[in-house]
Amino acid sequence: MNANKTGESVPKGSDHSNAESSEDRILALAKASAKGISDKDIQNEIPDLRPDQRASIINKFLSKGYLDLFTQGGTLLYKLKDPTVAQKVKGADNEEKIVYSIIEEAGNKGIWIRDIRFKSNLIPTQLNKLLKILENKKLIKAVKSVSASKKKVYMLYNLEPDRSVTGGAWYCDQDFEAEFVDVLNQQCYRYLQQKLEATKDCKGGPIAARNISYASSKDVWKYISDLGISKVQLSVEDVETILDTLLYDGKVERTVATDGDHFYRAVESLLPAPGIVRLPCGVCPVLQNCSDVGSVNPKKCVYMKEWLE
């Protein structure tokens, strides 16, 4: 028997049983989430579990091959391995296992076929054959990358590609959805403008009115989600990307709370933009070279043509 902080006797095996209980709860949590779980998810599920205990359990699961480790949107995630995959890999030959392990190490960011060939020392024809076999077994998959549309990266079949590969919500079949981004930009700004308009009826003074005009990125995300204008599931980080474009355009301002959350508010310019700024000439990068003669002239100006259209 040991004594705890209050002086009460505690069985020696209690720490061991608590560890086993935590392991079971983490495995159950991972099993319930097909997309994987983060350290924050584990902390919310088991708040009394110390960080060093959590790390020890996760390392144990990783070493035993119970979990896959990958990143999504800058967050480290743990995903329960499919037991049927382990059986398929176990029955594969050595060369297949080598290629599979190389691809597994790459996580959800994938790996180019050139890098697989370099690490495995296999000739191209042999490697292509092995990749085809692993694809047919649904152990791996090839994903097109937005950074190089004609190239593919390979990753494990059950992984969701990282945003750096797919481009996130702003890309569809490797094409940038400019119109979709413009619509989101307008709706985010509209929401913040509505918050700003509501402050005109505020009787608590300028500071209270200013505080009311702020909206967190989560508030804007909920507003966009409720509108139902997006066919894909947007994250708070996606909405913050749109809000940052408004920030760079000078339409909103941003402040960071003590807990790290971002808050935004629409701002009104004290003076209207002068006419010259609204014209392409006001922001033309080659204005000093423009004249009636020469290659840079108003008649051939592509900026003026786009503006008039």
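General remarks:
- Candidates per chymotrypsin sites (Phe, Trp or Tyr not before Pro) in region 195-236, loop by DSSP, up to 13 other Cβ within 10 Å: none
- Taking a ≥ b ≥ c as the square roots of the eigenvalues of the alpha-carbon gyration tensor, region 22-81 is classed rounded because a/c is under 1.5.
- Shown is the FRET efficiency for residue 292 and residue 247, computed with R0 = 41 Å from the Cβ-Cβ distance and rounded to the nearest 0.05: 0.55.
- A straight chain from residue 197 to residue 233 at 0.36 nm per residue would run longer than the Cα-Cα distance by 10.0 nm.
- Estimated inter-spin distance, residue 24 and residue 120, nm [label 7 Å along Cα→Cβ]: 4.2 nm
- Selection from 63, 47, 29, by position along the positive dipole direction of region 22-81 (Cβ): 63
- Shape of region 91-167, Cα gyration tensor, a/c cut at 1.5: prolate
A short reminder: the numbers here are calculations on the coordinates, not readings from a lab. Being a predicted model, the structure only gives us computed values, none of them experimental. Positions of Cβ are generated from backbone atoms using ideal geometry, with glycine treated the same way; all protein chains shown enter the neighbour counts.
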